[in-house]
Amino acid sequence: MPIQPIRIFGDPVLRASARPVTTFDKELRTLVKDLTDTMLDAPGAGLAAPQLGISLRVFTYFVDGVVGHLVNPDLSLTDEQQDGPEGCLSLPGLRFDTKRAFGVVAKGFNMYGDPVTIEGTELLSRCIQHETDHLDGIIFIDRLDREQRKAALKAIREAEWGDGPVPAVKVSPHSTFGSAR
């Protein structure tokens, strides 16, 4: 599958809540393949459909040598917290310490519509929370304290990609059920 362009901070699709997947068909499987190929090529630990301009609740991940995906995730988080560096393929080159739950139980579906449960701690937990945030229109810098967020916004303005025009919205090769932005 072809590698897809990743939407950069400032693109409105990154701020919209993605719609639940209702049809588990060949188009969804192609989307999961495109997400996986693009994530691995970038390389990244995760990639959500809105980062490819597709407003659907699906993401892929690559943590500790395991490649996976989750459709329509529902998360249960531990009370225990972790704080550590986090980055995003939609904010290239930027990393900031971000607080997240230490553990997660994520329930959802695979690309065939079969129920899936993923349990993880540390990096897997961080990745699942980060990618699920993308599905809700949340970017990790939204979770930073005031001082760190100010530093992040300054770094974005100074980044070579930060002062460019918002990327043009392209027509998705995947069915978006009328939800693409």
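With the Cα gyration tensor of region 91-162 giving a ≥ b ≥ c as the square roots of its eigenvalues, does the rule (a/c under 1.5 for rounded; else a/b larger than b/c for prolate; else oblate) give rounded, prolate or oblate?
Values: a/c = 3.09, a/b = 2.01, b/c = 1.54.
In terms of gyration-tensor shape, prolate.
Add -39500 (n - 2.57) for each DSSP H run of 4 or more in the chain, then divide by its residues: what number comes out at 222 nm, to the nearest 500 deg cm²/dmol? Mind showing how you got there, number by number?
Numbers: 3 runs with 43 residues, N = 181.
Counting only the DSSP helices, I get -7500 deg cm²/dmol.
Leaving out ligands, DNA and RNA, what percent of the accessible area of the chain is carbon and sulfur, probe 1.4 Å? Spell out each step's value before the answer.
Details: 4710 of 9140 Å².
Percent of accessible area from carbon and sulfur atoms in the chain: 52.
Output wanted: per-residue J couplings in Hz (rounded whole) for region 3-8, from phi through Karplus 6.51 cos²θ - 1.76 cosθ + 1.60, θ = phi - 60°, x for Gly and Pro.
Result, ordered by residue: 6, 9, x, 9, 5, 9 Hz.
At 0.692 mPa s and 37 °C, plugging the Kirkwood radius over alpha-carbon pairs of region 1-102 into Stokes-Einstein gives what diffusion coefficient in µm²/s?
On the way: Rh = 14.6 Å.
Value of D from the Cα-based Kirkwood radius: 225 µm²/s.
Just the accessible area per residue of the chain, please: how many Å² with a 1.4 Å probe? Can you show the working numbers first?
On the way: 9140 Å² over 181 residues.
Computed with neighbouring chains in place, this is 50 Å² per residue.
If you look at just the Cα atoms of region 53-114, how large are its Rg and its Dmax in Å?
Here Rg and the maximum Cα pair distance are 13.6, 36 Å.
Assuming a ≥ b ≥ c are the square roots of the Cα gyration tensor eigenvalues, decide whether region 2-56 counts as rounded (a/c under 1.5), prolate (otherwise, with a/b larger than b/c) or oblate.
Oblate shape, in that a/c is at least 1.5 and b/c is the bigger or equal ratio.
For the chain, taking Cα atoms only, what is the radius of gyration to one decimal and the Dmax to the nearest whole Å?
15.5, 45
The values are calculated or read from the model by the stated rules, or taken from the named source; none is laboratory data. All figures in this text were calculated on a predicted structure; none of them were measured in a lab. The protein model used for the area step is the full one, side chains on, heavy atoms only, and it has no ligands, DNA or RNA in it. Shrake-Rupley method; radii C 1.70, N 1.55, O 1.52, S 1.80 Å.
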